[in-house]
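The values are calculated or read from the model by the stated rules, or taken from the named source; none is laboratory data. For clarity, every value in this text was computed on a predicted model and none was experimentally measured. Quick reminder, even Gly has a Cβ in these numbers, built from the backbone with ideal geometry, and neighbours come from all protein chains shown.
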Amino acid sequence: MDFFTHYEVLLLVFAAIVGFFMAWGIGANDVANAMGTSVGSKALTIKQAVLIAAIFEFAGAYLAGGEVTSTIRKGIIDSTPFIPHPELLVLGMISALLAAGTWLAVASAKGWPVSTTHSIVGAIIGFAVVAMGVDAVSWGKVGGILGSWVITPAISGIIAYLIFMSAQKLIFDTDHPVANAKKYVPLYMALAGFVLALVTIKKGLKHVMKSGTFDISTTEAYLYAGGVGLIVALIGAYFISKVKIEPNADKEMHFSNVEKIFAVLMVVTACCMAFAHGSNDVANAIGPLAAVQSVIANDGQIVAKTELAWWILPLGGIGIVAGLALFGSRVMATIGKGITHLTPSRGFAAELAAATTVVIASGTGLPISTTQTLVGGVLGVGMARGIAALNLGVVRNIVVSWVVTLPIGAFLSIVFFFLLKGIFL
């Protein structure tokens, strides 16, 4: 095709740049969400959070983020109408990356935790409608995403509320908080180990399992996760038993020691969530980039599945880490401090609730936003202390940013699509 002969290198370089820009936006916004609870509760410093995220997000993206080319468009559009016009699909995917990346940069600058998945979905819908008409979009999938705006934060909020209230009743509201922490925290550790192992297997290693290199059944996944939970509980119980406190120490000292125990737990949950997030959400940046690279590599042919180029996953992983390190602090501050005051025990409840919701969603096929899940968890913890514990102004801004993400992504994508069409066609 003349179009691809003329512009092959230019399109690939431009797509790589906007793909990196989108990954940068994911790092600045989504990863900052995952680390915000740890930083806000002072379980981790910002430098430590960036280091942990850098290692585990990149590991997740690089080791388990492959096999995404078949789910590039998340079933949002049908590529069949584009077969006679592959150049429109290429320009559209580049427009979508540019649009979603731009919105994520704006939202991150404002400190709004928005959904990177919804950003790219809105952008893909936008160019597909103007390029091929409304029939190119699977509107049923879009309806599921809109429903997830309410369902996933609600599930996560309820679970976080229950976890936090149970810790309050079993540990903090008792006469001997440290003694009760030694008794009950290993159970929370077992639950955390079980849920996070499931998150890693079901979400983090999902693409590896699909490729056949790591194939286990659902029953085996639960058995492995149960084994991990038991091991984590035993190790945790051993180290917690070593915590010594003066018999005459006041209750404040008891509480601070209990919070230190939960802080260690939060570091573990942060690592696992970062790995699962990197493996799954890197697809939002590299999926459209992989589509562009595939069409160009096949001389303008749109194929159902193709090998992922070696350089795409590292590009996405590096982009995510760079975005968090350079621009993630504002969204971290919103999640960690803006919504409600977090301590390690509250942050742990929110993060474990988010992880549990991810497992539930993976099992039921519910479309999910990790951002909205985590925000729901933080809201649930805040509600446990009463409505006055929530900063309703910040909550309102977050909800508004969620609602406008899909239409803004679509609008920007349409603008960029017509611009690129005017330049290249």
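If you check Val267 against the conditions, is it at pLDDT below 85 and part of a helix (DSSP H, G or I)? So Val267 fits the description; yes. With the condition kept exactly as written, say whether any residue in the range 22-35 is surrounded by fewer than 24 Cβ atoms within 10 Å (Cβ to Cβ), in a helix (DSSP H, G or I), among the hydrophobic types (A, V, I, L, M, F, W, C) and out of contact with any Asp or Glu (no Cβ under 7 Å at 6 or more places or on another chain). So far as the range 22-35 goes, no, none of its residues is surrounded by fewer than 24 Cβ atoms within 10 Å (Cβ to Cβ), in a helix (DSSP H, G or I), among the hydrophobic types (A, V, I, L, M, F, W, C) and out of contact with any Asp or Glu (no Cβ under 7 Å at 6 or more places or on another chain). Cβ-Cβ contacts under 7 Å between residues 6 or more apart (or on different chains), taken from a first residue in the range 30-44 that is of a type in the set (Gly, Ala, Ser) to a second residue that is in a loop (DSSP other than H, G, I, E, B), are listed as Ala32/Gly328; Ser38/Leu44; Gly40/Leu342; Ser41/Leu342; Ser41/Thr343. Would you say Glu252 is at pLDDT below 80, assigned to a helix (DSSP H, G or I) and surrounded by fewer than 17 Cβ atoms within 10 Å (Cβ to Cβ)? In short, yes. With respect to (1) at pLDDT below 90; (2) of a type in the set (Ser, Thr, Tyr); (3) over 18 Å from the mean Cα position of the chain (by Cα); (4) within 25 Å of Gly380 (Cβ to Cβ), the lone exception for Thr152 is condition (3). Selection over the range 275-304 of residues that are assigned to a loop (DSSP other than H, G, I, E, B) and within 15 Å of Gly19 (Cα to Cα) gives a count of 1. Does the range 414-423 contain at least one residue that is touching a Leu at 6+ places or on another chain (Cβ under 8 Å), buried (at least 24 other Cβ atoms within 10 Å of the Cβ), part of a helix (DSSP H, G or I) and not basic (Lys, Arg)? Yes: one or more hits.
Listed by first and then second residue, the pairs with beta-carbon distance under 6 Å, at least 6 apart or on different chains, first residue in the range 400-421 and over 20 Å from Trp139 (Cβ atoms), second among the β-branched types (Val, Ile, Thr), are Ser401/Val114; Leu412/Thr102. Total residues in the range 292-311 satisfying the condition of being within 30 Å of Thr371 (Cα to Cα) and out of contact with any Ser or Thr (no Cβ under 9 Å at 6 or more places or on another chain): the figure is 3. When you look at Thr116, is it in contact (Cβ under 8 Å) with a residue 12 or more places away in the chain and touching an Asp or Glu at 6+ places or on another chain (Cβ under 7 Å), yes or no? Taking the combined requirement at face value, the residue satisfies it.
Only one entry of Leu104, Leu198, Leu97 meets the criterion of being at pLDDT below 90 and closer than 27 Å to Val331 by Cβ, and that entry is Leu198.
Taking the range 139-189 as the region of interest, how many residues are over 17 Å from Lys260 (Cβ atoms) and charged (D, E, K, R)? Total satisfying the criteria: 4. Restricting Ala388, Ala349, Ala333, Ala322 to those that are among the small types (Gly, Ala, Ser) and surrounded by 18 or more Cβ atoms within 10 Å (Cβ to Cβ) reduces the list to Ala349.
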